[in-house]
Amino acid sequence: MLPLPRFEYSAPNDVRDASRFLAEPGSQLIAGGTDLLVSMKQRLFEPRHLVSIRRLGLRGVTVQGGVVRIGAATTLAQVATNLTVREQFPALSDACLTVATPTIQSMATLGGNLMLDTRCLYYNQPAGWRASLGYCLKREGTVCHVAPKGRGCYATQSADTVPALWLYGAEVEFQSTRGVVLRKVSDMYRDDGMAWHGVGRDEVLVAVRLPLAEARVGHRKLRTRQAIDYAQVLVAVRAPVADGPWAAVISAVASSPLFVEAEDPTALAEAAFRASQPLSTHLPAATWRKRMVRVEVARAAAALGDGR
Amino acid sequence: MSDPAERPSWAVYPTHSGEPAEGGVLGRSERKVDGLSRITGAAQFTDDLVLPRMVHGKFVRSTLPHAWIVSIDMSAAMALPGVVGVAIGPELPKRYGVIPVAQDETAMAIGKVRYIGEPIACIAAVDEETAHRAARLVRVEYEPLTPIFTIEDALDPSKPHIHEASRKPSNILRRVFQEYGDVQKGFAEADLVVEDTYEYPGSTHVPLEAHVALACPEGHGKLVLWSSTQNPHYVHRDVAHVLGMREQDIRLIKPTVGAGYGGKCDPFCTDIVAAHLARKLGRPVKIALEREEVFYTHRGRHPARMWLKMGFKKDGSITAVDFKAWAEGGAYASYGVVTSYYLGVFMPLPYTLENYRFESHRLYTNKPPCGPKRGHGAIQPRLALEMHVDRAALALGLDPAAMRTANCIEPDTETCNGLKVTSVGMKECIAAVVEASGYAAKRGKLGPGKGIGLAASAYMCGALHPVYQNELSQSSVQLKVDRSGEVTLFSGTADCGQGSIHMLAALCAERLGIEPDDVRVIEGDTSLTPVDLGSYSSRVTFMAGNACVAAADKVRDKIARAAAVKLGVEVGALVFRGRQVYVDAAPERALTFVDAVWLAEEMFGPIGEVGGYKPHKIGSRFRRQSVGPSPAYSFTAQVAEVGVDVETGVVTIEKIWVAHDCGRAINRRVVEGQIEGCVYMGVGEALYEEQRYRGGLMAVPSLLEYKVPTVHETPEICTFIVETHDPNGPFGAKEAGEGPQLSTVPAIANALHDATGLWFTKPPFTPDVVLAALTTARRRAGSA
């Protein structure tokens, strides 16, 4: 079988200790590990030191002052079944339940999902395969096989919970020895498959904050199979709040999520279609994935009704 | 020369196994005797075995599809603490392969690599992680050669040979051409000719258990080898051959195997190199493949391009079939010679056909070698044939079900290519699925995006001729009866999950009037069990089953003779049932089975018997027809109901009705499981599975991206068992493990036509392909 590489492992009790460990080169934070360990087996990451957040007390959902705060180590299964989440943020609950399989949902965490590495057909592969390919720009190589003449890496943002969190106006709380930093989900990601976020290496994602509001959000994930698979197209759609526009976040088609607004669902689907430029980062034809953006946005909007 | 059929022979044919006892074991629906141990984790797979001082082997694999090996630098790997030894290709120069005329493989590459992923060297280390790390430190220097990736290139005489020793003009492993009747005349008589090309993709088996071998040197130069194989006998022969050892000095044991589907039919580098390193290092060596390596090891379905022309009369009868196939087989032969025949020989089943011609090519390319996968070679042409039948029916205004039924061959007929068919349940199968599905009422009437389709098929029950020439038994079973009443059954068979252990226990129990649980089956151990050729070509129930009944009959006879004396009746008056031996007319006059065994041992001494099976020499009109003939054939019909999302192209299979003629069901639950497993694999090949390449690099060697259906995508499967009681099968049984897959994809393809009006001739029917076709069709309709 495919063995894990060797590593040291710590599970500190204090976020500042974790932050100190993470500041050292070669260390890597581990939460549920459901994605990280697979990537380590594929030798995409070979950290010397894994720093676990399991003893940091980051589990649970609390409500205070109009904000729901979800600890970063809360599992996706716990998030999905939490009554407050199900009542106030059903699209987040739905999104959690589309991640991989029930066994993985009971291990994987919300914080881990937000920090899911960008994915690509030429990157998320075993070491032997990547060696035969000549590696890729994102790891060990010099060429992007998706766009050999391009200038960057086009690995796609693929975290299932991000589009819904974005439209619910979520903020993410990071803590390090330097203190606490809040980032909006809508500001967290960059359109660069390699440097896809601006989070410092010593920062520990400790919680996600969701404002209690009246937003009605729908979530859809396009994938080949109704379990296991990562998204080929990921959309969340928000019905108008007051007299505002329709809004959509589209993911899995670029290195960062795309945000579009429009006056009505048809225009929203069209705007999403035009904004999306998927490349061959996935097996199905990119042209088909682009067409699916329009279909998925339209279907998500239709499921929300007339917006009132 | 006398007719070989008249030669005196020990072989059992037919078996005269007769009718099963009322209230006996046969025909029950029950859990396999080894079922619980598998689902509770108690069963021991090869990778569960751990021996003292055991080390782990890891292969260094080629990163180029076609190249000379200039040098292999292992210094960095060998310097790694924990590395205990290495092996390279030239240490094992002997070529091997199951098919004697096509032994072109070495355990590891010698001088040249022919596909990406081919093993070049093997590192042994104290643990798997160290071996893995060391293998990545090996530096191989190559001199690249022009690779051959396509059918066109493989047929091109100007392109270099993948195997330099080949005397063929291009990279052809085998060309087969056969013609029966008068094809030209047949087409001249046709009212309708349908002609088209099809492409069937390559696919892989996806057994849950990867290939594993564990070798342990014994004193006196002997060796024990545990291997996760479907064919212990062939592995045994080839390991001895390559290592230059006597076969009797190697004990090959097949532990519990976590499925094969044809992917574990070959002897593999794991087996040979583990054995070699164990001898070289004087300690146990285990090699367990990673999933990525299982993909490269491959032996999966041959991608095939096909051309089919069929002539029909107005009444739907078939006047002629002309068929050509090109199978792209990868870098080594594996079972490719057999594939080249299987592509054509089953086409005259199950419809009456007098004029038939086929030509097939099995080609070499610089890709991982293809081999046998469930429905070996017969899956691809069945798609073409069954779609053609539907196309003809629609063109002639006939009901596709009625047209198929009207043209079914009758029992006890010989096909134009010399296949002697005994029992045939084809019409019953078609009737069962057509009625249950409401096919007639639904066809063409389900509304846009919904469709229903039918297909029929036939498959073999083991090959008449063994792969290497011999007149020995193809299956053998030994029985030992203990005075406790326990019956131990020894057989060289290889249960790979399909249920052959239960099949043997049930047949033996049926004959002796005991329960399957009373029979302990010891299988797949060359030092303990008599030879069985292996789990391929759907042969085990038919052949090992017959051997089992033969052995059990001998045991029964001894017990009956002793019991008859005790009970004061003739042997023929006795019944074996419910762990008792009793007088049929007076059931109160009874002995327990244990007491009867005791009496038999008093009379005859220790009780042990053997039984063997080899097929009757079926004289064929055609001398060259050595691959294809089988002692019996199974038949399947299925109906698929599908939905197509016209906005996305996503195909959903709503339900499948399947009926299979398995002769007689020994255990209904196992038969249903095999049929459903076949349908499941067919659904995967219809919707998702395709072995894609980027040049010579397998595009997705992982179970995340190589999609097989999950429980969500698996349709409801409504299964019917049709029993025809084949005159030569054990209690009339035939195969159930492969045949049912043949008609799944064509039934789905025909349903897709019903749903969309389009013929999809190239699986898998992925959403992007389906949507593109729908869009083109809409555009055409709009402009027309």
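How many of the residues in region A:106-131 are buried (at least 23 other Cβ atoms within 10 Å of the Cβ), within 14 Å of chain B (Cβ to nearest Cβ) and more than 15 Å from B:SER702 (Cα to Cα)?
Total meeting the criteria: 0.
One line per residue, one yes/no per condition, for (1) surrounded by 22 or more Cβ atoms within 10 Å (Cβ to Cβ); (2) in contact with a strand residue (DSSP E or B) (Cβ under 9 Å, 6 or more places away or on another chain):
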position	(1), (2)
B:ALA463	yes, no
B:ASP482	no, yes
B:THR493	yes, yes
B:CYS508	yes, yes
B:ILE514	yes, yes
B:LEU528	no, yes
B:ALA544	yes, yes
B:VAL555	yes, yes
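Would you please list the contacts, defined by Cβ atoms under 7 Å and residues six or more apart or on different chains, that run from a residue in region B:674-692 that is within 12 Å of chain A (Cβ to nearest Cβ) to a residue that is assigned to a helix (DSSP H, G or I) and not hydrophobic (A, V, I, L, M, F, W, C)?
Between residues of region B:674-692 that are within 12 Å of chain A (Cβ to nearest Cβ) and residues that are assigned to a helix (DSSP H, G or I) and not hydrophobic (A, V, I, L, M, F, W, C), the close pairs are B:VAL683/B:THR744.
Of all residues being surrounded by fewer than 17 Cβ atoms within 10 Å (Cβ to Cβ) and away from chain A (no Cβ under 13 Å) in region B:115-146, which is nearest to B:ILE272 (Cα to Cα)? Just the residue, please.
B:GLU141
Can you name the condition, by its number, that A:ARG220 falls short on among (1) within 14 Å of chain B (Cβ to nearest Cβ); (2) closer than 15 Å to A:PHE89 by Cβ?
Checking A:ARG220 against (1) within 14 Å of chain B (Cβ to nearest Cβ); (2) closer than 15 Å to A:PHE89 by Cβ, the one that fails is (2).
Under the condition of being surrounded by fewer than 22 Cβ atoms within 10 Å (Cβ to Cβ) and among the hydrophobic types (A, V, I, L, M, F, W, C), which residue from region A:240-254 is nearest to B:ILE653 (Cα to Cα)?
Within region A:240-254, the first condition is being surrounded by fewer than 22 Cβ atoms within 10 Å (Cβ to Cβ), and the residues that meet it are A:240-245, A:247.
From what is left, the residues that are among the hydrophobic types (A, V, I, L, M, F, W, C) are A:241-242, A:247.
On the way: A:VAL241: 40, A:ALA242: 43, A:ALA247: 34 Å.
Of everything passing the filter in region A:240-254, A:ALA247 is nearest to B:ILE653 (Cα to Cα).
What residue, among those in region A:133-157 that are among the polar types (S, T, N, Q) and surrounded by 23 or more Cβ atoms within 10 Å (Cβ to Cβ), is nearest to B:GLU293 (Cα to Cα)?
Once the filter is applied, the top-ranked residue is A:THR156.
Spot the failing condition for B:PHE177; the list is (1) modelled with pLDDT of 95 or more; (2) under 25 Å from B:TYR342 (Cβ atoms); (3) surrounded by 14 or more Cβ atoms within 10 Å (Cβ to Cβ), and only one is missed.
For B:PHE177, the exception is condition (3).
Among the residues of region A:209-225, is there at least one that is within 30 Å of A:SER19 (Cα to Cα), crowded, with 22+ Cβ neighbours inside 10 Å and not basic (Lys, Arg)?
Yes, because at least one residue in region A:209-225 is within 30 Å of A:SER19 (Cα to Cα), crowded, with 22+ Cβ neighbours inside 10 Å and not basic (Lys, Arg).
Within region B:577-601, restricting attention to residues that are more than 12 Å from B:LYS566 (Cβ to Cβ) and small (Gly, Ala, Ser), which residue is surrounded by the fewest Cβ atoms within 10 Å (Cβ to Cβ)?
My answer is B:ALA585.
Out of the residues in region B:693-726 that are over 22 Å from the mean Cα position of the chain (by Cα) and assigned to a strand (DSSP E or B), which is nearest to the other protein chains (Cβ to nearest Cβ)?
For region B:693-726, the residue satisfying everything is B:LEU697.
Return only the number of the condition from (1) part of a loop (DSSP other than H, G, I, E, B); (2) assigned by TED's automatic domain parsing to the domain that holds B:LEU591; (3) out of contact with any Ser or Thr (no Cβ under 7 Å at 6 or more places or on another chain) that B:VAL467 does not satisfy.
(2)
May I ask you to verify whether A:LEU205 is more than 14 Å from chain B (Cβ to nearest Cβ) and either surrounded by fewer than 21 Cβ atoms within 10 Å (Cβ to Cβ) or more than 30 Å from A:VAL63 (Cβ to Cβ) (or both)?
Working: more than 14 Å from chain B (Cβ to nearest Cβ): yes; either surrounded by fewer than 21 Cβ atoms within 10 Å (Cβ to Cβ) or more than 30 Å from A:VAL63 (Cβ to Cβ) (or both): no.
No; evaluated as a whole, the condition is false for this residue.
Among the residues of region A:255-272, write down those that are surrounded by fewer than 22 Cβ atoms within 10 Å (Cβ to Cβ) and either within 13 Å of another protein chain (Cβ to nearest Cβ) or not in a helix (DSSP H, G or I) (or both).
Correct list: A:SER256, A:LEU258, A:PHE259, A:GLU261, A:ALA262, A:GLU263, A:ASP264.
Could you list, in sequence order, the residues of region B:273-284 that are hydrophobic (A, V, I, L, M, F, W, C) and surrounded by fewer than 24 Cβ atoms within 10 Å (Cβ to Cβ)? Spell out the reasoning first.
Of region B:273-284, the ones hydrophobic (A, V, I, L, M, F, W, C) are B:273-275, B:277-278, B:281.
Within region B:273-284, just B:LEU281 meets the criteria.
Which residue out of B:ILE318, B:ILE287 is more than 14 Å from chain A (Cβ to nearest Cβ), in contact with a helix residue (DSSP H, G or I) (Cβ under 9 Å, 6 or more places away or on another chain), crowded, with 24+ Cβ neighbours inside 10 Å and not small (Gly, Ala, Ser)? Talk me through it step by step, then tell me what you get.
On the way: B:ILE287 fails: more than 14 Å from chain A (Cβ to nearest Cβ).
Within the list B:ILE318, B:ILE287, the selection yields B:ILE318.
Taking region B:290-315 on its own, how many of its residues are buried (at least 21 other Cβ atoms within 10 Å of the Cβ), more than 30 Å from B:ARG61 (Cα to Cα) and of a type in the set (A, V, I, L, M, F, W, C)?
4
Can you name the residue in region B:38-49 that is without any contact (Cβ under 8 Å) to a residue 40 or more places away in the chain and at negative phi and, of all such residues, is nearest to the other protein chains (Cβ to nearest Cβ)? So that I can check it myself, show each step before the final result.
So the first thing to find is which residues in region B:38-49 are without any contact (Cβ under 8 Å) to a residue 40 or more places away in the chain, and the list is B:39-42.
Checking which are at negative phi leaves us with B:39-40, B:42.
Values: B:ILE39: 17, B:THR40: 19, B:ALA42: 20 Å.
Taking the candidates together, the pick is B:ILE39.
Give me the helices (runs of 4 or more DSSP H) completely within region A:1-100, filtered to those with at least 1 residues that are surrounded by fewer than 19 Cβ atoms within 10 Å (Cβ to Cβ) and within 14 Å of chain B (Cβ to nearest Cβ), ordered by residue number. Full working, then the answer.
On the way: elements: A:15-23, A:36-41, A:76-81, A:83-88, A:90-97.
Of the helices (runs of 4 or more DSSP H) lying wholly inside region A:1-100, those with at least 1 residues that are surrounded by fewer than 19 Cβ atoms within 10 Å (Cβ to Cβ) and within 14 Å of chain B (Cβ to nearest Cβ) span A:36-41, A:90-97.
For every residue, the table says whether it meets (1) under 18 Å from the mean Cα position of the chain (by Cα); (2) hydroxyl-bearing (Ser, Thr, Tyr); (3) assigned to a helix (DSSP H, G or I); (4) within 13 Å of chain B (Cβ to nearest Cβ).
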residue: A:VAL237; (1), (2), (3), (4): yes, no, no, no
residue: A:THR287; (1), (2), (3), (4): no, yes, yes, yes
residue: A:ARG291; (1), (2), (3), (4): no, no, yes, yes
residue: A:VAL295; (1), (2), (3), (4): no, no, yes, yes
residue: A:ALA301; (1), (2), (3), (4): no, no, yes, no
residue: A:GLY305; (1), (2), (3), (4): no, no, no, no
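Can A:ALA215 be described as within 15 Å of A:ALA164 (Cβ to Cβ), within 14 Å of chain B (Cβ to nearest Cβ), part of a loop (DSSP other than H, G, I, E, B) and in contact with a strand residue (DSSP E or B) (Cβ under 8 Å, 6 or more places away or on another chain)? Before you say what the answer is, go through the steps one by one.
On the way: within 15 Å of A:ALA164 (Cβ to Cβ): yes; within 14 Å of chain B (Cβ to nearest Cβ): no; part of a loop (DSSP other than H, G, I, E, B): yes; in contact with a strand residue (DSSP E or B) (Cβ under 8 Å, 6 or more places away or on another chain): yes.
Criteria not met by A:ALA215.
Identify, by number, the condition in (1) surrounded by fewer than 17 Cβ atoms within 10 Å (Cβ to Cβ); (2) more than 14 Å from chain A (Cβ to nearest Cβ) that B:LYS112 doesn't meet.
Of (1) surrounded by fewer than 17 Cβ atoms within 10 Å (Cβ to Cβ); (2) more than 14 Å from chain A (Cβ to nearest Cβ), only one is false for B:LYS112: (1).
The values are calculated or read from the model by the stated rules, or taken from the named source; none is laboratory data. All values derive from a computational prediction rather than experimental measurement. Cβ sites come from the backbone with ideal geometry, for glycine too, and all protein chains shown count toward neighbours.
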